[in-house]
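Structure, as structure tokens:
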Ligand SMILES: C[C@@]1(CC(=O)O)c2cc3[nH]c(cc4nc(cc5[nH]c(cc(n2)[C@H]1CCC(=O)O)[C@@](C)(CC(=O)O)[C@@H]5CCC(=O)O)C(CC(=O)O)=C4CCC(=O)O)c(CCC(=O)O)c3CC(=O)O
Ligand SMILES: NC(=O)C1=CN([C@@H]2O[C@H](COP(=O)(O)OP(=O)(O)OC[C@H]3O[C@@H](n4cnc5c(N)ncnc54)[C@H](O)[C@@H]3O)[C@@H](O)[C@H]2O)C=CC1
């Protein structure tokens with residue numbers, strides 16, 4: 001399996017079947033900035049906003065324009081969805097038989113620009129969830145702040161430090177755990193200034 005971060009902003013994602021699994025995949029796609037089309041005849045689903053809900057039984061036309069497809073209905077319907085997606089050259093996630101699809105989803109922790117993703121390649125989704133929970137408590141929101149400062153300072157380093165070796169040394173030193181301790185103790189602005197003072 002090849003881990004990859006897809007930019008889904010503005011892309012259309014189709015979710016066929018908006019039950020427990022489909023709504024989880026819908027949430028993940030919405031959080032990634034995708035436009036989501038959910039196809040499920042049930043009108044009383046609890047789906048996140050903003051999405052387009054087509055209250056019809058699945059037909060192949062529903063996949064039109066999609067970048068990714070999630071097949072989350074019954075196994076029989078999912079088999080058709082996978083075949084139709086492949087016919088149209090669209091990547092599909094098959095919830096009921098993952099091996100039939102093109103990709104699976106990891107359990108994810110997001111802290112601003114930091115993304116931690118856990119996969120067991122289907123061996124145990126429950127273990128993936130447990131590990132995600134452990135990471136969630138270990139990697140708190142301060143990591144979002146650290147990553148934000150690093151992005152800013154890195155831009156400055158790339159623009160101002162011409163020597164390649166010095167550049168590497170600096171960027172590596174800003175990722176040292178000691179900065180995390182300082183960030184907790186001294187706050188954002190003090191750390192930003194202290195890093196800039198190293199340039
Ligand atoms: C292969 C994969 C395909 C895919 O869907 O992409 C897949 C497949 C299946 N999952 C099943 C069951 C459960 N799935 C979860 C939870 C999650 N499942 C997710 C991903 C994946 N699930 C992909 C592989 C991930 C990997 O292991 O690397 C997570 C990580 C992400 C997400 O779905 O968004 C999300 C955790 C999110 C979080 O909490 O962070 C739980 C636990 C719970 O809900 O608490 C259970 C019940 C306990 C259990 O079974 O372990 C079954 C039915 C088995 C049956 O018949 O009973 C199948 C089908 C099959 O195995 O054939
Ligand atoms: N990947 C995963 O994490 C997991 C996968 N599964 C599999 O995922 C699938 C969905 O599971 P749940 O969400 O728990 O089931 P669910 O019963 O909550 O949802 C299925 C939805 O599909 C809809 N549906 C049925 N026929 C349809 C059709 N012809 N067109 C459009 N929509 C249709 C139903 O109205 C329902 O809302 C199952 O096949 C199950 O085996 C189950 C648990 C976890």
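FYI, it's all coordinate maths here, none of it is from the lab. Note that the coordinates shown come from a computational prediction; the quantities given were computed from them, not determined experimentally. Cβ atoms come from the backbone with ideal geometry, glycine included; neighbour counts cover every protein chain shown.
The table below lists the values:
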quantity	calculated
Lone unmet requirement of (1) closer than 25 Å to residue 88 by Cα; (2) within 12 Å of ligand 2 (Cβ to nearest atom); (3) not in a helix (DSSP H, G or I) for residue 44	(1)
Residue within segment 80-87 that is more than 8 Å from ligand 2 (Cβ to nearest atom), touching a residue at least 60 places away in the same chain (Cβ under 8 Å) and either within 15 Å of residue 18 (Cα to Cα) or surrounded by 15 or more Cβ atoms within 10 Å (Cβ to Cβ) (or both) present	yes
Residue match in segment 139-154 (condition: buried (at least 17 other Cβ atoms within 10 Å of the Cβ) and part of a loop (DSSP other than H, G, I, E, B))	no
Hits in segment 88-97 (condition: within 16 Å of ligand 1 (Cβ to nearest atom) and exposed (fewer than 13 other Cβ atoms within 10 Å of the Cβ))	97
Out of 73, 100, 94, sole residue that is in contact with a strand residue (DSSP E or B) (Cβ under 9 Å, 6 or more places away or on another chain), closer than 29 Å to residue 131 by Cα and more than 9 Å from ligand 2 (Cβ to nearest atom)	100
Flag if residue 105 is touching a residue at least 24 places away in the same chain (Cβ under 8 Å), closer than 19 Å to residue 12 by Cβ and within 16 Å of ligand 1 (Cβ to nearest atom)	yes
Hits in segment 8-22 (condition: in contact (Cβ under 8 Å) with a residue 24 or more places away in the chain, out of contact with any strand residue (DSSP E or B) (no Cβ under 6 Å at 6 or more places or on another chain) and surrounded by fewer than 20 Cβ atoms within 10 Å (Cβ to Cβ))	8, 9, 10, 11, 19, 21
When residues of segment 47-68 are limited to those that are in a loop (DSSP other than H, G, I, E, B) and within 16 Å of ligand 1 (Cβ to nearest atom), the one farthest from residue 110 (Cα to Cα)	47
